[in-house]
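The values are calculated or read from the model by the stated rules, or taken from the named source; none is laboratory data. Keep in mind it's a predicted model, so treat the numbers as computed, not measured. For neighbour counting, all protein chains shown are included, and Cβ atoms are generated from backbone atoms with ideal geometry for every residue, glycine included. Keep in mind that these areas ignore ligands, DNA and RNA; they rest on the heavy atoms of the full protein, side chains included. Shrake-Rupley method; radii C 1.70, N 1.55, O 1.52, S 1.80 Å.
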Amino acid sequence: MDVRNPAPKRKFDDSISEPPVSRSNGFNPDAITNVDLSLLEAIEKSQNTVEVLDLRTVKKLVLSFERRLKENIEARLKYPNQPDRFADSEIELHEELQKLKVLAGAPELYPDLVNLNVVPSIVDLLNHDNTDIAIDVVQLLQDLTDEDVLDDNDDSARVLVEALIDNSALELLVQNLHRLSDYDPDENAAVYNTLATIENLIEVKPAVAELVCERTKLLKWLLGKIKVREFDSNKQYASEILAILLQSSTVNQKKLGQMNGVDVVLQAVAMYKSRDPKSSDEEEMVENLFDCLCCLLMPLENKERFVKAEGVELMIIIMKQKKLAYGSAIRALDFAMTKYPPACERFVDVLGLKTAFAAFMGKIPISKKNKKERYQEELEERIVSLIASLFGGILRGSRRERLLSKFVEDECEKIDRLMELYIRYSDRVKAETERLNQLELDDLEMDEDEKYNRKLESGLYTLQLIAVILGHLWCSEHPQMRGRIELLLKQNKLSKKHVKDILQEYHDNIGDLDGPEEKERAQTKIQKFIMVL
């Protein structure tokens, strides 16, 4: 399940704008025509004497940097307790690091930079006693690895990133994080730039997502950051980086679970159970936190931790409060209850059915965000998945009876709603199937897997889940429910065969991601529905 919606990277501070041009003191724009143009050209040339970026320039920059670095090391060794004696060499080293930033303009030269063996010297400066020098290095690394810089330079980017990793850049970047203060503006910006650099490295080499968690204490630092009650841009970015690290790595999901990560993320989202974020940035952070929670809920052992930490109860409270996190809470419950009966049982025990079926009936709190049609559709799809999980996780006993009774109360209004969704999604899938068939007639080749995926995207998966719920209802042998389903199918000129066909397609396409035994068990359940309908 995809849990994230990647957004473009933000800059640390975009609030600085150019000062307005003053037109006081009788300034006349037309007077510029009276200036000697040759003089202007001479001035312009003197201000733009930047050398062409080539191998020769790179060597010159590296040599100058290495010389200043050596001088600084010698001065610090010679006068360890006299800062004024090595201050000048530190300023010169700072200037050389600033000059190296020009290399970001020629990423095709990165292999040459690596071959000159300067990367170890640059990375080692993250350990420099002067935090300002380490900050310079962080800024340099961020510039060199920026996604805009590396665009269309994949091979060169990989060479640099490999060299950085081989020279312990991940370890030193994270180690440096621990000495940066949120209260110093420059150090605060360096925290942000460090996270940006790590994100850049992951984009070039996705394996870095697991490497950085294996080799460093980044996960621990990120958990500490999202624990803080006060909101700032670095807390927001920490939540985003955490979501990236968890998104496609079961190893990281399990590791964070072992670090009490489920409980920490629950505490972070609990801050918004009865209040909304105050800005769009804070809103994005809350979404990131729920992305983290949903990723964490993929491994079975983390679902258990979620239930023990009363995560089910917290999500129900968030839904009842009807704040902005309403939809995110439904999403988290969907992840928690998928293939995990204890979460389903807890949900029924703490009276979650009333809250869930209110959402199922379309009683969704109205805000600017959820007025959007697609948002409401996503909620519908999540709540359908959640109810299907409840049926799959609660097979017998009083809990099962309570679940089934929801579809009988109020003259079977839940069945009416279920069939309304069934017809709508069925029409949508039918339209997509016809469109795909027309594409084939137009000689556009498409294999069966691609066609099936296109249909899933158009709503087939939700239609299949609705058919599964109908199968559960039919198997209850409740005459009132069966009668209502048959009546509504007939009114829409459909028969039980239509539901059977949907279930058969679902049966035939169940994968073995969870192993052959789980596949066989799932197919047997669907086959039972097909037989009794």
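Some points to look at:
- Remark: the residue 108-residue 528 segment gains 145.1 nm on full extension, using 0.36 nm per residue and subtracting the alpha carbon distance.
- In plain terms, the chain from residue 148 to residue 498 could stretch by 120.9 nm, reckoned as 0.36 nm per residue minus the Cα-Cα distance.
- The listed residues 514, 112 rank as 514, 112 when sorted by accessible area, largest first, using a 1.4 Å probe.
- Between the residues 356, 236, 265, the greatest Cα displacement towards the positive end of the dipole of the chain, with unit charges on the Cβ of Lys, Arg, Asp and Glu, is found for 356.
- Candidate values (1) 246; (2) 168; (3) 184, label of the one derived for volume of the Cα convex hull per residue in Å³: (1)
- Anisotropy class of segment 101-150 from Cα gyration tensor, a/c 1.5 cut: oblate
- Spin-label pair residue 487/residue 115, simplified geometry with 7 Å Cα→Cβ offset, distance in nm: 8.1
- Theoretical FRET efficiency, 1/(1+(r/R0)^6), r = Cβ-Cβ of residue 82 and residue 127, R0 22 Å, to 0.05: 0.55
- Anisotropy class of segment 374-436 from Cα gyration tensor, a/c 1.5 cut: prolate
- Taking a ≥ b ≥ c as the square roots of the eigenvalues of the Cα gyration tensor, segment 40-160 is classed as oblate, since a/c reaches at least 1.5 and a/b does not exceed b/c.
- Size of charge dipole - the chain - debye, nearest 20, with Cβ of Lys, Arg +1 and Asp, Glu -1, no other charges: 3420
- The magnitude of the dipole of segment 247-297, with charges of +1 and -1 set on the Cβ of Lys/Arg and Asp/Glu and taken from the Cα centre, is near 320 debye.
- Label point distance in nm, residue 520-residue 166, each placed 7 Å from Cα along Cα→Cβ: 4.9
- Computed label-point distance, nm, for sites residue 101 and residue 281 using a 7 Å Cα→Cβ extension: 2.0
- Protection proxy ranking, peptides 287-293, 229-235, 162-168, average beta carbon neighbours within 10 Å, highest first: 287-293, 162-168, 229-235
- Cβ crowding within 10 Å averaged over residues, with 199-211, 351-363 ranked highest first: 199-211, 351-363
- In a fully extended conformation the segment linking residue 251 and residue 55 would gain 66.4 nm over its present Cα-Cα distance, using 0.36 nm per residue.
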